[in-house]
Amino acid sequence: MGAKTAVVTGAGSGIGRRITRALLDAGYRVALAGRREDALEDTAGAAPDALVVPTDVASPESVAGLFAAVRDQWGRLDLLVNNAGVSAGGTVADLSVERWRRVVDTNLTGMFLCAQQAVQLMKDQEPRGGRIINNGSISAHAPRPASVAYTATKHAVTGLTKSISLDGRAWNVACGQIDIGNAATEMTERMSAGIPQADGRVAAEPTFDVQHVADAVLYMASLPLDTNVQFLTITATTMPFIGRG
């Protein structure tokens, strides 16, 4: 069958960039999706098996174009890493509807659109099937202060993962979720200076090497389709998450 193929959304930076490079190093052919073409090109480097496809995951037309490009280039899809996401600080009292919709459109609708296109491709290819890995978050379990939109979407991603897992049985499509807490990326640099806690304090939080996230995704992706990691949680060991922190 040749090399396996993958799509990674949000591939231009952070966790998505590290996962993409790990997949390329492991011999995958990878389509890199994201809004910034220059950032995608930087992630791809000189890798011959990288396909850069600028994509807005909130746009049905843009997402359809991404998966059409994969089908035209490689004829099949083995793995979707549904990673793209945005955040917007704000409480239920003050978050604007516009910012709420932007987060929902990207984090939830975007994941649905990509999963729908992936499943449609996976169920019609030979051999049939594939795997989807959704990037949830520690926020899929518990909120941070003033994170109503992000937390709501990440809780919803858990339901999306379960539904895809159930529906996907008919087409040999496995779906799992990785929930990440404080991987060291550009987004978590501020944690060393201190971020708000549930009790009103501002405290620094530990982070961990994002390569461990990429390694975990590679493990999930390496399993045969009759085996699935449904949920995997990976965090900095001493971050304030378990118990009272």
Kindly check whether there is at least one residue in segment 109-120 that is in contact with a Lys or Arg (Cβ under 7 Å, 6 or more places away or on another chain) and at negative phi.
-> no
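Every residue, every condition in (1) under 29 Å from residue 123 (Cβ atoms); (2) of a type outside the set (Ser, Thr, Tyr); (3) in contact with a Gly (Cβ under 6 Å, 6 or more places away or on another chain); (4) assigned to a loop (DSSP other than H, G, I, E, B), yes or no:
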| residue | (1), (2), (3), (4) |
| --- | --- |
| 58 | yes, yes, yes, yes |
| 63 | yes, yes, no, no |
| 86 | no, yes, no, yes |
| 99 | no, yes, no, no |
| 102 | no, yes, no, no |
Flag if residue 219 is aromatic (Phe, Trp, Tyr), at pLDDT 95 or above and either assigned to a loop (DSSP other than H, G, I, E, B) or buried (at least 20 other Cβ atoms within 10 Å of the Cβ) (or both) = no
Say whether the condition of being within 14 Å of residue 9 (Cα to Cα), touching a Cys at 6+ places or on another chain (Cβ under 8 Å) and not charged (D, E, K, R) is met by at least one residue in segment 42-49.
-> no
Please find, among 71, 76, the residue that is out of contact with any Lys or Arg (no Cβ under 6 Å at 6 or more places or on another chain), surrounded by fewer than 22 Cβ atoms within 10 Å (Cβ to Cβ) and assigned to a helix (DSSP H, G or I).
-> 71
Selection status of residue 119, under 18 Å from the mean Cα position of the chain (by Cα), among the β-branched types (Val, Ile, Thr) and not in a strand (DSSP E or B) | yes
Kindly indicate which of 70, 103, 8, 30 is more than 22 Å from residue 221 (Cα to Cα) and among the hydrophobic types (A, V, I, L, M, F, W, C).
-> 103
Considering segment 28-65, residues that are of a type in the set (A, V, I, L, M, F, W, C) and under 16 Å from the mean Cα position of the chain (by Cα), and then whichever is surrounded by the fewest Cβ atoms within 10 Å (Cβ to Cβ), we arrive at 58
Which condition number in (1) crowded, with 17+ Cβ neighbours inside 10 Å; (2) under 20 Å from residue 135 (Cβ atoms); (3) touching a residue at least 40 places away in the same chain (Cβ under 8 Å) is the one that residue 90 fails?
-> (2)
Please give the number of the condition residue 21 fails out of (1) over 14 Å from the mean Cα position of the chain (by Cα); (2) part of a helix (DSSP H, G or I); (3) under 23 Å from residue 158 (Cβ atoms).
-> (3)
Are any residues in segment 24-39 closer than 9 Å to residue 54 by Cβ and either without any contact (Cβ under 8 Å) to a residue 24 or more places away in the chain or assigned to a helix (DSSP H, G or I) (or both), and if so, which ones?
-> 35, 37
Out of the residues in segment 159-189 that are charged (D, E, K, R) and surrounded by fewer than 17 Cβ atoms within 10 Å (Cβ to Cβ), state the one that is farthest from residue 95 (Cα to Cα).
-> 169
From the list 156, 214, 203, which one is in contact (Cβ under 8 Å) with a residue 12 or more places away in the chain, surrounded by 12 or more Cβ atoms within 10 Å (Cβ to Cβ), more than 21 Å from residue 15 (Cα to Cα) and small (Gly, Ala, Ser)?
-> 203
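The values are calculated or read from the model by the stated rules, or taken from the named source; none is laboratory data. Keep in mind that what you see is a predicted model, and the values were worked out from it rather than measured. Here the Cβ is made from the backbone with ideal geometry for all residues, glycine too, and neighbour counts use every protein chain on show.
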